[in-house]
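Here's the structure, in structure tokens; my notes come after.
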Amino acid sequence: MSASITLEHVTKSYGRHLAVDDVSLDIPAGRFVTLLGPSGSGKTTLLMMIAGFARATAGRILAGGRDITNEPPERREFGMVFQGYALFPNMTVAENLAFPLKIRGVARETVAQEVKRMLELVHLQSLGGRYPRELSGGQQQRVALARALIFNPKVLLLDESLSALDKKLRAGLQEELRDLHARLGTTFVFVTHDQEEALSMSDEIVIINHGRIVQSGAPKALYNGPRTRFVADFLGRANFIEGTVSSVSGQDFSYAAGGQSLRQALPTGAPAPGLGGTVSLALRPEKLQVLGEPVPAANAVPAEIIRVTYEGADYHIRATTPLGPMQAIVPSGMGAAEPAPGDNVWLSWNEDAAVVLADDR
Amino acid sequence: MTADMDAQTRRVYLVLLLAPLVVLAFVYLYPLSRVLWLSVTVPTPGFGNYERLLTSSAIQGVIWTTVRICVLTTMLALVIGYAIAYAAVHLRGWRGELLLFFVLLSFWLSVLIRAFAWLTLLQSRGVINTWLMDFGLIDAPLALIRNEFGVVLGMVHYMIPYAALPLFANMRGIDPRLVPAARGLGAGPVQSFLKVYLPMSLPGLISAGILTFIFSLGFYVTPALLGGGKTLMISEYIAVQINDTLNWGLGSMLATTLLLSIFALLAVMSIFVDLRKVFGVK
């Protein structure tokens, strides 16, 4: 059975350095949760404590409600896929898969059956007799995955598991991983620094920086509602606008930025900013429209295009505006005129397109 | 050697290789073969000297002592060397380097000085016995030298770096995540070591074992000083035959036997391991 994981005020310090700083987190059983953060953020240390390879300096870790803070890794019954896979080089693929079962004293015939079943599950039926060094990176990855799943672990932990693979292969394995998760219902805890991977795979993303949880939530909610500049910047691309609040009504407010008067809607229940105070907003580049003339009902600022990058499906446009440099992403397949450097245009966005950020500097 | 090397360069290399070979042949291989030749010519032509291997209980005793001491020395040096190499690989940062530095440091001390240092420590009125008696722990001095204990102690001390360094080189090539991986898959610390780490370090153990054992066979100074003539190993026995009893035929027979045994040992080992790797050619 899959288990939930609960972290209660978990801290890990190395000397004076706090790698993980008072983290509390609830991972419900059967969820696919991604710990996302830049390198050195403490996400791997957090995973190592869940796995049992690093001991928490303070706090408690629970699995299915049971305290496992000081339990050695071999008793936790968690599967782990290491960065670099850590396959046993002196054993064949089949022997690698059999290892966790043999350790548990499973009967020989059952081991053979299970190994066969797992090899089929990860599409490596014919490679059981090969040694890890004779496999490609993607195949090694699948072996590591199968080895971590063969003993029906309560939780599967994945440490930067796909980062070493090329983009196309990675996309294929991401899908396989999602399928496996859906089929097995095991709790997956995935660590990565790749925000696209996090967005496409997870039920929930936990963003970590400087050893702390910055924000967590479903991928869509997190992408559309970043609370801080760090989250908006780390998860996707964003324009940042600093303004001074000039008037406030019930559902929206006006602010001045770069000599422009702009309007911003407030989400229901959000506190209105103080009159005369500064606000900082994040605006996703794909929410901008690039137009020849201003639209009266929406926000619009004049802009001069300085660079256009063709990205296949989109144009990525950089422009100078009274608000400072801004970027926009517009689809390339709509038959519109191709933007070019030097064009004078209007960048336009709706009142509810931007997100008001908490001041986190 | 690259394939596109032209014939002239090749010839230059050949000459450069030949020159030392010729010197070696004249000053080393030729005299050596002369000495070995003595074993079948002195005192009378024939294999009379080699018959003594089968008939003389004194010679059989010396060979047995030598093999026993060398096996014991090799095993102890491997165990201690394994522990040192493991620590040097797994200690963080400078600590591992410091440990390795101390291992290498002992290379700088001559075998003679080390044997005398052990004498100072171990003899009946040496440092250790004096202390033990001063503290009233023993009444009469312990026999720490002039026996196999002293010889093995001195030899193990000398051989530890030779055991530790090949093991260190081997262990550094083992992925440090393998043991955690085994633990994560359900194996306890002991099982993880026995089933994953030990098999991975086996090539290092074999290399270190071969080096240590062959070196041990030829030990002369250490057994002579710490064995004090009581524990006789083959090198010392040969020296006695050559220098004291002037029994050159017997001495060179034993030297030949030693040399051939080592070659035979290497030949057997080469079935299991790549000897070029053991001696660092590859």
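The values are calculated or read from the model by the stated rules, or taken from the named source; none is laboratory data. All figures in this text were calculated on a predicted structure; none of them were measured in a lab. Virtual Cβ from ideal backbone geometry, glycine too; neighbours counted across all protein chains shown. Surface areas here come from the heavy atoms of the whole protein model, side chains and all, with no ligands, DNA or RNA. Shrake-Rupley method; radii C 1.70, N 1.55, O 1.52, S 1.80 Å.
A few notes on this one:
- Integer Hz, Karplus 6.51/-1.76/1.60 couplings in order for the stretch A:216-223, x for Gly and Pro: 9, x, 5, x, 5, 4, 6, 5
- Shape descriptor for the stretch A:70-130: Rg over Rh equals 0.98 (Cα atoms; Rh from the Kirkwood inverse mean 1/r).
- Accessible area, probe 1.4 Å, largest first, for residues A:281, B:98, B:266: B:98, B:266, A:281
- Peptide A:68-78 has a mean shielding of 3, counted as Cβ atoms of other protein chains within 10 Å of each residue's Cβ.
- With contacts taken as Cα pairs under 8 Å at a separation of at least 6 residues, chain A carries a relative contact order of 16 percent.
- For q = 0.17, 0.22 Å⁻¹, Debye-computed log10 I/I(0) when each Cα of the stretch B:8-119 counts as one equal scatterer: -1.00, -1.14
- Farthest positive-ward along the stretch B:56-278 dipole, Cα basis, beta-carbon charges - from B:215, B:203, B:120: B:203
- Ordered by 1.4 Å accessible area with all protein chains kept, A:131, A:85 run largest first as A:131, A:85.
- Pairing chains B and A buries close to 1600 square angstrom of accessible surface in total, based on protein heavy atoms and a 1.4 angstrom probe.
- For residues of B:171-184, the mean tally of beta carbons on other chains within 10 Å: 6
- Cleavage-rule hits (trypsin sites (Lys or Arg not before Pro)) in the stretch B:85-129: DSSP loop, at most 15 neighbouring Cβ within 10 angstrom: B:92, B:125
- Measure of compaction for the stretch B:96-189 (Cα Rg per 2.2 N^0.38 Å): 1.60
- The Cα atoms of the stretch B:1-41 cover 50, 16, 10 Å along the three principal axes, with the biggest extent listed first.
- 5 angstrom amide H check on residue A:87, placed H, neighbours 5+ away: none
- Taking only Cα atoms of the protein assembly as shown, radius of gyration then Dmax in Å: 36.9, 123
- With protein chains left intact and a 1.4 Å probe, residues in the protein assembly as shown average 51 Å² of accessible area per residue.
- Segments A:157-164, A:60-67 sorted - mean Cβ within 10 Å per residue, highest first: A:157-164, A:60-67
- Between 0 and 90°, nearest 10: helix A:137-149 axis offset from chain A longest Cα axis: 70
- Chain A: angle of helix A:108-121 to the longest principal axis, Cα-based, in degrees nearest 10: 20
- Calculated from backbone phi, Karplus (6.51, -1.76, 1.60) coupling profile of the stretch B:151-166 in Hz, x at Gly/Pro: 4, 5, 4, x, 6, 4, 4, 6, 7, 3, x, 5, 7, 6, 5, x
- Compactness index (Cα Rg / 2.2 N^0.38 Å), chain A: 1.20
- For the stretch B:99-115, Karplus couplings with θ = phi - 60° (6.51, -1.76, 1.60), whole Hz, Gly/Pro x: 4, 5, 4, 5, 5, 5, 3, 5, 5, 7, 8, 5, 4, 5, 4, 5, 5
- Shielding score for B:194-200, defined as the mean number of other chain Cβ atoms within 10 Å: 3
- Helices in chain B, meaning DSSP H runs of at least 4 residues, each add -39500 (n - 2.57). Divided by all residues, the mean residue ellipticity at 222 nm is -22500 deg cm²/dmol.
- Directionally averaged projected area (the stretch A:273-361, Cα convex hull): 6.9 nm².
- Scattering curve values for chain B, log₁₀ I(q)/I(0), Debye with Cα scatterers, q = 0.06, 0.12 Å⁻¹: -0.28, -0.99
- Average Cα contact separation per residue, the stretch B:56-278, under 8 Å, 6 or more apart, as relative contact order %: 27
- Euclidean distance of C-alpha centroids, the stretch B:111-164 and the stretch A:302-361, integer Å: 83
- Only lysines eight or more places from residue A:287 in sequence, or on another chain, were considered; those with a Cα closer than 27 Å are A:167, A:220.
- Global size of the stretch B:134-282 as Cα Rg and Dmax, reported in angstrom: 20.9, 66
- Solvent-accessible surface (1.4 angstrom probe) belonging to residue B:130, in square angstrom, nearest 10: 50
- In this structure residue A:31 has an accessible area near 80 Å², from a 1.4 Å probe over the protein heavy atoms.
- Residues with amide H under 5 Å from that of residue A:215, placed H, sequence gap 5 or more: A:207
- Surface composition of the protein assembly as shown: carbon plus sulfur atoms contribute 60% of the solvent-accessible area (1.4 Å probe, protein chains only, all chains present).
- Backbone amide hydrogens, once placed in the peptide plane, bring residue A:357 within less than 5 Å of A:280, A:281, A:282, excluding anything fewer than 5 places away on its chain.
- Between the helical axis of A:167-184 and the longest alpha-carbon principal axis of chain A there is an angle of about 70 degrees.
- Ordering of B:154-160, B:173-179, A:212-218, A:196-202 by burial proxy (mean other Cβ atoms within 10 Å per residue, highest first): B:154-160, A:196-202, A:212-218, B:173-179
- Between B:101, B:173, B:20, the Cα set farthest toward the positive side of the dipole of chain B (charges on each charged residue's Cβ, about the Cα centre) is that of B:173.
- Rounded to the nearest 5, the antiparallel percentage of DSSP beta bridges internal to the protein assembly as shown is 75%.
- Descending by average beta-carbon neighbour count within 10 Å, the peptides B:104-110, A:327-333 line up as A:327-333, B:104-110, the highest first.
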